[in-house]
Amino acid sequence: MTIREYRAQTDFDGLRRCVVELQDYEYRIDNRFPDGESIVDAYIPDILERCAQYDGRILVADVGGEIAGYVMIWTKYSSGDIEDGDFVCGLLADLVVLEAHRGRGLGKALMKAGEAYARDCGVTYLRVGVMAGNRMAWKLYEDQGFVQCHIELEKRLDTGSG
């Protein structure tokens, strides 16, 4: 297994498979989100654009010439919210390991490579967002030293007229 930078010429199909699997997994957690196939063709150009905007990189896990997962790190991320001021941090924007390759340490390897890249770029604070129902990701992030920073809660409102 090798962790390396994404190469559009050879890695596009593998990145596409990973995006679809990640989005489908999140869709199973919360079906209000779209499935992978319905967004992948718009999502990939969008993440490449945001990598340019936030000085980011996509690193892939290459297992025998097959893309088994990826991590996307942005090194100069700012929310743009007035109340956040000019706070800039790193953001682990995506992390996925294809199901067939899980349980072999690829997620940890991708995270460590992403953190190393962020550190080399001068990032002091690295953040990651996680869906509340994604216990597997929560555990991985906590095991790698991430602590809660901001928690967003949700309440479903009865919209009936009565």
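The values are calculated or read from the model by the stated rules, or taken from the named source; none is laboratory data. Model, not experiment: these values are computed from the prediction. We place every Cβ from the backbone using ideal geometry, glycine too, and count neighbours over all the protein chains shown.
Note on the stretch 84-105: among residues that are hydrophobic (A, V, I, L, M, F, W, C) and surrounded by fewer than 21 Cβ atoms within 10 Å (Cβ to Cβ), the one that is nearest to Glu21 (Cα to Cα) is Leu98. Of the residues in the stretch 118-128, at least one is surrounded by 14 or more Cβ atoms within 10 Å (Cβ to Cβ) and assigned to a helix (DSSP H, G or I). What do you reckon, is Ser79 at pLDDT below 95 and of a type outside the set (A, V, I, L, M, F, W, C)? For Ser79, the condition - at pLDDT below 95 and of a type outside the set (A, V, I, L, M, F, W, C) - is met.
Is the stretch 67-89 home to any residue that is closer than 22 Å to Leu153 by Cβ, touching a strand residue (DSSP E or B) at 6+ places or on another chain (Cβ under 7 Å) and β-branched (Val, Ile, Thr)? Within the stretch 67-89 (the criterion being closer than 22 Å to Leu153 by Cβ, touching a strand residue (DSSP E or B) at 6+ places or on another chain (Cβ under 7 Å) and β-branched (Val, Ile, Thr)), the answer is no, since none of the residues qualifies.
Against the conditions (1) modelled with pLDDT of 95 or more; (2) under 18 Å from Gly107 (Cα atoms); (3) surrounded by 12 or more Cβ atoms within 10 Å (Cβ to Cβ), Glu5 satisfies every one except (3).
Of the residues screened, Leu110 is one that is of a type outside the set (Asp, Glu), surrounded by 13 or more Cβ atoms within 10 Å (Cβ to Cβ) and touching a Phe, Trp or Tyr at 6+ places or on another chain (Cβ under 9 Å). Note on the stretch 139-156: residues that are in a helix (DSSP H, G or I) and surrounded by fewer than 10 Cβ atoms within 10 Å (Cβ to Cβ) amount to 0.
Each row is one residue, and each column tells you yes or no for (1) in contact with a Lys or Arg (Cβ under 9 Å, 6 or more places away or on another chain); (2) in contact (Cβ under 8 Å) with a residue 60 or more places away in the chain; (3) loosely packed, with under 11 Cβ neighbours inside 10 Å.
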{"site": "Arg57", "(1), (2), (3)": "no, yes, no"}
{"site": "Gly114", "(1), (2), (3)": "yes, no, no"}
{"site": "Val130", "(1), (2), (3)": "no, no, no"}
{"site": "Ala137", "(1), (2), (3)": "no, no, no"}
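Among the conditions (1) at pLDDT below 95; (2) under 21 Å from Lys112 (Cβ atoms); (3) not charged (D, E, K, R), Gly69 misses just one, which is (1).
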